[in-house]
Amino acid sequence: MLDTNSLQILSAPPDAFEYSVDVLIIGAGACGLTAALAAAEKGASTLILERDATPAGSTAMSYGAICAAGSEPQAAAGIADTPEALVEDLTENTQGQLDRELAQAVADISGETIDWLMASHNIELTFEAAWTGFGHRAPRLVAPDNRSGVKLMAMLQNAVSRQEVTVVTNARWDRVYRDDSGDVLGVGAVRPDGSVEQVGCRALIIATCGFGANAEMLAEFIPEITEARYYGHEGNDGAGIQLGRLLGANIDHMSAYQSLGALAVPHNLVIPHVILIGGGIQINVRGERFQNELDNISGQALTILEQPEAQCWMVTNEQLHQDALGRFEEYRQAEALGAVKRGEDARDLAQKIGVPVEGLEPEVTATLAHVRARGTDRFGRDFSGASPLAGPLYAVRVTGALFHTQGGLSVNKHAQLINEEGAVLGNVYAGGGVAMSVAGTG
């Protein structure tokens, strides 16, 4: 982890930079690699500085899923969608607390970016037709075929290599040089042997992570999530945000974050929400449901932490279990490790997972009735079209966890850093976990 107190903004550059590029990118995660592809494609000499020995970041710990409206995979599935519809959904989901201009800019290029990555750079993505709801009027996700961020990172790294973009790993950047006008002139990065490489640039892109691993920043900006487990990359230390602030940037939406109530315990594997979307339920240790499983999946981390033992069980059926096995690498790992428990029916499953039969059995019976009636339950969940919880049932014990923060450096629709008054700060851009998102303030 970088000591953010060691960051320096220096007005006097070294006598000479060892080499200079048009575009210098800090961070070789999905954002940094994609930015490098775009810059190199336009003919810009491009270099990436990556602090770790192997590029990974938050993307490698995710499903590698990307939300986009109007992409060719979406159209091929027969789904008509528009950037305007995506912005409307985001606005409603955030209760209007997002930056609408930024959201519109992101939505406008979301579909074409997916198409560009697939057609121009051989990034193989499949359409997630089953992943719908959660405030989105239509399925919008694309992801690698095994729903693995590791695979997405590998494909992006291969694409960058084909573009002959250099990625310098083990480069612990700790100083930035800028002139009196505010333009960044270059960056100094400490190498493993203690030497410092000085790289000049015409533009700097900060594409580092958020601050999920920084306990002090979490306590300051998101105190309600500090008791949750952190399931994210340790590089989310807020260093990029600190750099931007030293350069004069504003910060925004710092209370926003993504957490999920789907981290298998003690196995630390993410269980896919498709088993709930398709008709599964959550029960606590009393065998009782306690919420609408499809409402505010990020906020469910907190509601699960409020349950006895701060855990719950995700219960699903044979069909949804097999579907998850076929599509999600982490779910396959969970079953191999014994995290997925099986019962012939609700009574048998209750005994296998140690919850009261008198709690679970009535919940499953009631859910079956709602599915057959295509009705709505006491939590407001609509079971129309859901797969019935009948036959063999499966359960995985999970808890709520913080995955990543979504607030960060303020940027305009061109991803340029801006100060509190909205003025552009020289030639510096930001994206990925270090920048403010379109998730609103919470």
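The numbers here are math on the coordinates, done by the rules we state, and not lab data. None of the values given here were measured: they were computed from a predicted structure. In this analysis, Cβ positions are derived from the backbone assuming ideal geometry, glycine residues included, and neighbour counts consider all displayed protein chains.
If R₀ is 45 angstrom, what is the calculated FRET efficiency for the pair residue 12 and residue 100, using the beta carbon separation as r and rounding to 0.05? Given R0 = 45 Å and the Cβ-Cβ separation, E is 0.65.
With Cα atoms defining each centre, region 35-100 and region 116-176 are spaced 9 Å apart in the structure.
Computed from phi, the 3J(HN,Hα) profile of region 121-131 under the Karplus parametrisation 6.51, -1.76, 1.60 (θ = phi - 60°) reads 10, 6, 8, 8, 10, 10, 7, 8, 5, 7, 8 Hz, with x in place of Gly and Pro.
Stretched out straight at 0.36 nm per residue, the stretch from residue 113 to residue 138 would grow longer than its current Cα-Cα span by 7.2 nm. Between the C-alpha center of region 305-365 and that of region 417-442 there is a gap of 42 Å. Protection proxy ranking, highest mean first, for peptides 254-267, 156-169: 254-267, 156-169, where packing is the per-residue count of other beta-carbon atoms within 10 Å, averaged. Couplings 3J(HN,Hα) of region 199-213, computed from phi: 10, x, 7, 8, 8, 10, 10, 8, 10, 8, 8, x, 9, x, 9 Hz, in residue order, whole Hz [Karplus 6.51 cos²θ - 1.76 cosθ + 1.60, θ = phi - 60°; x for Gly and Pro].
Computed from the C-beta positions of residue 318 and residue 130, the FRET efficiency with R₀ = 22 Å rounds to 0.85. For region 258-403, the percent of C-alpha pairs falling in each 5 Å distance bin, counted from 0 to the bin holding the largest distance, reads 2, 11, 22, 25, 24, 14, 3, 0.
Less than 5 angstrom separates the built amide H of residue 429 from those of 204, 205, 206, 417, all sequence-distant by 5 or more or on a different chain. Take the Cα of residue 420, go 7 Å toward its beta carbon, and the backbone nitrogen atoms of region 218-258 under 15 Å from that spot belong to 245-253. Distance from the C-alpha centroid of region 208-222 to that of region 233-277: 9 Å, rounded to the whole angstrom.
Here each label is just a point 7 Å from Cα along the line to Cβ, and for residue 158 and residue 336 those points are 2.1 nm apart.
A full extension of the chain between residue 80 and residue 373 corresponds to an added length of 102.5 nm, given 0.36 nm per residue minus the alpha carbon distance.
Once the Cα-Cα distance is subtracted from the 0.36 nm per residue extended length, the residue 92 to residue 361 segment shows a gain of 93.2 nm.
Close amide-amide hydrogen proximity is noted between residue 408 and 252, 254, 436, 437, each under 5 Å apart and 5 or more residues distant or on a separate chain (H modeled in the peptide plane; Pro and chain starts excluded). Which of [x] 0.97; [y] 0.95; [z] 1.00 is the computed Rg/Rh (Cα atoms, Kirkwood Rh) for the structure on display? Of the labelled values, this structure produces [z]. In order along region 412-417, phi translates into HN-Hα couplings of 8, 5, 9, 6, 7, 5 Hz, rounded to whole numbers, per the Karplus curve 6.51 cos²θ - 1.76 cosθ + 1.60 with θ = phi - 60° and x for Gly and Pro. Listed peptides 51-57, 194-200, 216-222 appear in the order 51-57, 216-222, 194-200 once ranked by packing, highest mean of other Cβ atoms within 10 Å at the front.
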